[in-house]
1. Tell me whether region 120-131 contains one or more residues that are within 12 Å of the ligand (Cβ to nearest atom), surrounded by 18 or more Cβ atoms within 10 Å (Cβ to Cβ), in contact (Cβ under 8 Å) with a residue 12 or more places away in the chain and more than 17 Å from ARG34 (Cβ to Cβ).
2. Just give me the residues in region 58-68 being over 16 Å from ASN145 (Cβ atoms) and either within 15 Å of the ligand (Cβ to nearest atom) or in a loop (DSSP other than H, G, I, E, B) (or both), in sequence order.
3. Please count how many residues of region 63-85 are within 18 Å of LEU101 (Cβ to Cβ) and buried (at least 17 other Cβ atoms within 10 Å of the Cβ).
4. Here is a check on your reading of the model: is GLY75 away from the ligand (no atom under 14 Å from the Cβ) and under 27 Å from GLN43 (Cα atoms)?
5. Does region 20-31 include one or more residues that are modelled with pLDDT of 95 or more, surrounded by 14 or more Cβ atoms within 10 Å (Cβ to Cβ) and not in a helix (DSSP H, G or I)?
6. Go through the residues of region 101-114 one by one and say whether even a single one is of a type in the set (D, E, K, R), touching an Asp or Glu at 6+ places or on another chain (Cβ under 9 Å) and over 23 Å from ARG183 (Cβ atoms).
7. Among the listed residues VAL49, VAL55, identify the single one that is outside any loop (DSSP other than H, G, I, E, B), more than 15 Å from the ligand (Cβ to nearest atom) and exposed (fewer than 15 other Cβ atoms within 10 Å of the Cβ).
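The values are calculated or read from the model by the stated rules, or taken from the named source; none is laboratory data. Since we're looking at a predicted model, the values are computed, not measured. Ideal geometry is used to build each Cβ from the backbone, glycine not excepted, and the neighbour counts take in all protein chains shown.
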Amino acid sequence: MNTLEAIRTRRSTRKYQKKPVNAQMIDWVVEAGRYAPSGGNSQSSHFFVITDPDVLSELKDMVYNAFLNMEVKEGMYRSLIGSIQKAKSGKKDFFYEAPCLIVVANQKNYGNNLADTGCVIENMMLAANELDLGSCWINQLKWLNEDPTLVSYFMRLGMKDEERIYGAMALGFADTIDGLPEREPLKRTGNEVKYI
Ligand SMILES: Cc1cc2nc3c(=O)[nH]c(=O)nc-3n(C[C@H](O)[C@H](O)[C@H](O)COP(=O)(O)O)c2cc1C
């Protein structure tokens, strides 16, 4: 698969097989993230590659409890409202039960923290597509990146005082008939272009 094809056929996977992804494949994906560009070559992204089922389960519970205690407010981002409503309806599968979750933290006082995370995660999603793996951006940990329970949990996992989470990505084999991720691009109706 060449780069343009990987870009065009990348889709979000929201149903995963339980089958674990082998360490070599995970490393290739993470390396793609580490090779992303960064503002001023800061290379300050901090990757947490989580495959431990107990940690995945604890994180899932913490995210669920955090949303359960939040109220929907006027003007809130609609996906955030969706997460609060999902928790209040008893659903917990914010990471879609993927066998691997890659969480990306960065310096909280660095102006390009979110932009760098975007580059990192897109690189990892393209690498996943190339490797026939499914992936999906998971934003809940970013929304909850000042939640004291989650901050102290990630500090115990190695996050530094001055860091916060800016994005995460689910990774695994797609739960489809052929085991391959969906690759039919969604129709482009936005992303306007003007050539000058
Ligand atoms: C910044 C960002 C945040 C996103 N957050 C989530 C998320 O929390 N959960 C989710 O299922 N998808 C999330 N997505 C995936 C989008 O919903 C998805 O890319 C979009 O619907 C287009 O579908 P496609 O990726 O299959 O082309 C996110 C994507 C981006 C770029």
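1. Among the residues of region 120-131, at least one is within 12 Å of the ligand (Cβ to nearest atom), surrounded by 18 or more Cβ atoms within 10 Å (Cβ to Cβ), in contact (Cβ under 8 Å) with a residue 12 or more places away in the chain and more than 17 Å from ARG34 (Cβ to Cβ), which makes the answer yes.
2. LYS60, TYR64
3. Qualifying residue count, region 63-85: 5.
4. So GLY75 fails the test.
5. yes
6. From region 101-114, those of a type in the set (D, E, K, R) are 108; that's our starting set.
After this cut, where a residue has to be touching an Asp or Glu at 6+ places or on another chain (Cβ under 9 Å) as well, the list is 108.
Pick out the ones that are also over 23 Å from ARG183 (Cβ atoms) and you get 108.
So far as region 101-114 goes, yes, one or more of its residues are of a type in the set (D, E, K, R), touching an Asp or Glu at 6+ places or on another chain (Cβ under 9 Å) and over 23 Å from ARG183 (Cβ atoms).
7. Working: VAL49 fails: exposed (fewer than 15 other Cβ atoms within 10 Å of the Cβ).
Only one candidate qualifies: VAL55.
Residue-wise test of (1) within 16 Å of LYS15 (Cα to Cα); (2) away from the ligand (no atom under 15 Å from the Cβ); (3) among the aliphatic types (A, V, I, L, M).
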residue	(1), (2), (3)
TYR96	yes, no, no
PRO99	yes, yes, no
VAL103	no, no, yes
ALA115	no, no, yes
GLY118	no, no, no
LEU133	yes, no, yes
ILE138	yes, no, yes
ASN145	no, no, no
TYR153	no, yes, no
